[in-house]
Every structure is written in structure tokens, then in C-alpha cells.
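Below is one structure, written out as C-alpha cells, with a few remarks after it.
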Amino acid sequence: MKLVRVRGASKRRREPVVLSVAQFPLLLKELDDPFRTMVIVDLARGLRCSELFALQWRDVLWGERMLLVRRASDRRRERCENQILQCRDAA
């Protein structure tokens, strides 16, 4: 995967590290809960780190199989972003 540069966008201080498919199970072996669960949720849903860190148990609707992304963690302030992610059955 190659990153695209967008003119006028904020500048990254460094290039992100992108894991390969083969590296992902190796990472999971090294992690204990709750960090292991956080990485799995992030991979499955594609959340930003700030959205992942801001999740609360009330954001998980077990009966509807939904994850509500309502806020993002920010050191300066809490930002709201209402987003509903529908969970599908794993095939």
C-alpha cells in the first residue's frame, strides 16, 4: 500500500507503520487483554486511535450487534462524532 500526499492537509511528523497480514497474529500473541481486544476491534472496524480510546461499554449495543462511535479522545477536548457501525456475522 502506498500513501497519497494531499496538498494543504496537515503534515505527518513521521510515516505510519503498517503491519502486514502475517504480522498481525504475531502482534496478538504478544498482547494481553484489554489491549488484545482493542487491537482486534480496531482491525475489524477501522477506527482511528482517538475513537478507539474513547469507546465506553454503553457504546456497545449487544442485542443490535452495533458499536456506536460517538466521541474521539483528544487531550484538549472531547469531540463528538456520531457514527454507527453494524457488526456482521463472521463467515
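Sort out which residues of segment 31-48 are in contact with a helix residue (DSSP H, G or I) (Cβ under 9 Å, 6 or more places away or on another chain) and at pLDDT 90 or above, and write them in order of number. Across segment 31-48, the qualifying residues are L31, R36. Tell me, please, whether a residue that is surrounded by 12 or more Cβ atoms within 10 Å (Cβ to Cβ), in a loop (DSSP other than H, G, I, E, B) and at pLDDT 85 or above can be found in segment 49-72. Yes, segment 49-72 contains at least one residue that is surrounded by 12 or more Cβ atoms within 10 Å (Cβ to Cβ), in a loop (DSSP other than H, G, I, E, B) and at pLDDT 85 or above.
The values are calculated or read from the model by the stated rules, or taken from the named source; none is laboratory data. Note that the coordinates shown come from a computational prediction; the quantities given were computed from them, not determined experimentally. Every residue, glycine as well, gets a Cβ built from its backbone with ideal geometry; the counts of neighbours run over all protein chains shown.
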